[in-house]
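What follows is a short report on a single structure.
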Amino acid sequence: MNLTPIEKHNEILFKRDDLFCPYGDVNGGKVRQTINLIKKHKPKGVIAAVSVHSPTGPVISRVAKYYNIPCIIAVGGTKKENLDKLPMMKLTKKWGGDIRIVAGHGMKNVVSSRMKTIQKEVGYFDMDFSKHIFSDGDLMFDTNSYQVQNIPNELDALVVSLGVGIQFSSILKGIKRYNKKVKRIIGVQVGPDRRKLIDSYLNQNPLYEERFNINYELHQDTTAYSKVVEYKINNFYLDDIYEGKAYKWLLNNLDLNKKILFWCIGRRLRNDEVESICK
């Protein structure tokens, strides 16, 4: 398995996992996990409940297109006539995703419940990552934790953006596995506190396995989720919902003379890229 590179820009190191881009468009650790889930389970089709603004819809539909299997994406909080105005939905449609509007709002538990009703009817494979981190834990962790191998053996700080914490947990696994000496492991949360959730990912079998202990920090970003924070680092962009906020935290809170690495998880495609693909 190839390791994505470490680059240095403005005296900060960047782990460029966004350069895992097998189809020339969608990118990052979630793409890698989607590919490996489909390769393992060989489903006749895939289905997922997602937010209309999430890159998960395009990622799953793009990988499904490559493997020539049907894909249903369940969403809420929009209307059919508005789908082409939403960049992530426009991409999902472009790559063959069958978008089902199952609720008048985007509440996750409702959209997921109605997605499961459709799943029972069609028999497609549920691509819920928060479920597979438990049912396919080794695959989900190992797929991205091995990327830790080529980060420096010693760091003053490692900064990672996180939503539900699956990618962050994989990185924690890799740091311990490859014995990296990182003084501060920092997750910048875009959304609610995820410490209990991360702990549940890392300690799934408390009766049979030694507790996974590693020191890390979680810091809350106070910017509204929907507000974009744009950063262009020389020749590449950070994801403007997650990574931009984490990078802003880094600049405002860390000594830039220290040895710092920022982990690029993967970014959603920008509006101009979406329009170019969909034209």
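Brief remarks follow.
- Where Ile101 falls short, out of the listed (1) under 21 Å from Val26 (Cα atoms); (2) crowded, with 17+ Cβ neighbours inside 10 Å; (3) without any contact (Cβ under 8 Å) to a residue 40 or more places away in the chain: (1)
- The residues listed here are Ala49, Ala64; of these, the one that is buried (at least 16 other Cβ atoms within 10 Å of the Cβ) and touching a Cys at 6+ places or on another chain (Cβ under 9 Å) is Ala64.
- Qualifying residue in segment 2-13 (condition: surrounded by 17 or more Cβ atoms within 10 Å (Cβ to Cβ) and under 22 Å from Asp136 (Cα atoms)): no
- Counted as qualifying within segment 90-195 are the helices (runs of 4 or more DSSP H) with 1 or more residues that are closer than 24 Å to Ile260 by Cβ, namely 137-145, 166-177.
- Single residue of segment 14-24 satisfying the filter (of a type in the set (A, V, I, L, M, F, W, C) and in contact with a Phe, Trp or Tyr (Cβ under 9 Å, 6 or more places away or on another chain)) that is surrounded by the fewest Cβ atoms within 10 Å (Cβ to Cβ): Leu19
- For segment 141-156, the set of residues classified as in contact with a Phe, Trp or Tyr (Cβ under 6 Å, 6 or more places away or on another chain) and among the β-branched types (Val, Ile, Thr) consists of Val148 only.
- Any hit, segment 24-40, residues being in a loop (DSSP other than H, G, I, E, B), in contact with a helix residue (DSSP H, G or I) (Cβ under 6 Å, 6 or more places away or on another chain) and more than 26 Å from Leu162 (Cα to Cα): no
- Whichever residue in segment 142-156 is touching a helix residue (DSSP H, G or I) at 6+ places or on another chain (Cβ under 8 Å) and touching a residue at least 60 places away in the same chain (Cβ under 8 Å) and, among such residues, is surrounded by the most Cβ atoms within 10 Å (Cβ to Cβ): Asn144
- Filter result for Lys176 (surrounded by fewer than 17 Cβ atoms within 10 Å (Cβ to Cβ), modelled with pLDDT under 95, under 21 Å from Gln33 (Cα atoms) and of a type outside the set (Phe, Trp, Tyr)): no
- Conditions (1) within 22 Å of Tyr231 (Cβ to Cβ); (2) part of a loop (DSSP other than H, G, I, E, B): number failed by Ser51: (1)
- Pairs, first touching a residue at least 24 places away in the same chain (Cβ under 8 Å) and surrounded by 13 or more Cβ atoms within 10 Å (Cβ to Cβ) in segment 107-119, second polar (S, T, N, Q) and not in a loop (DSSP other than H, G, I, E, B), C-beta under 6 Å, six or more apart: none
- The set of residues in segment 196-220 that are closer than 21 Å to Leu13 by Cβ and part of a loop (DSSP other than H, G, I, E, B) comprises Ile214, Asn215, Tyr216.
- Some residue of segment 246-268 being hydroxyl-bearing (Ser, Thr, Tyr), assigned by TED's automatic domain parsing to the domain that holds Ser169 and either modelled with pLDDT under 95 or closer than 24 Å to Thr34 by Cβ (or both): no
- Pairs, first over 18 Å from Ser135 (Cβ atoms) in segment 30-55, second polar (S, T, N, Q), C-beta under 9 Å, six or more apart: Val50/Thr56; Val50/Thr92; Val52/Thr78; Val52/Asn82; His53/Ser226
The values are calculated or read from the model by the stated rules, or taken from the named source; none is laboratory data. Treat the numbers as computed from the prediction; the structure is a model and nothing was measured. For neighbour counting, all protein chains shown are included, and Cβ atoms are generated from backbone atoms with ideal geometry for every residue, glycine included.
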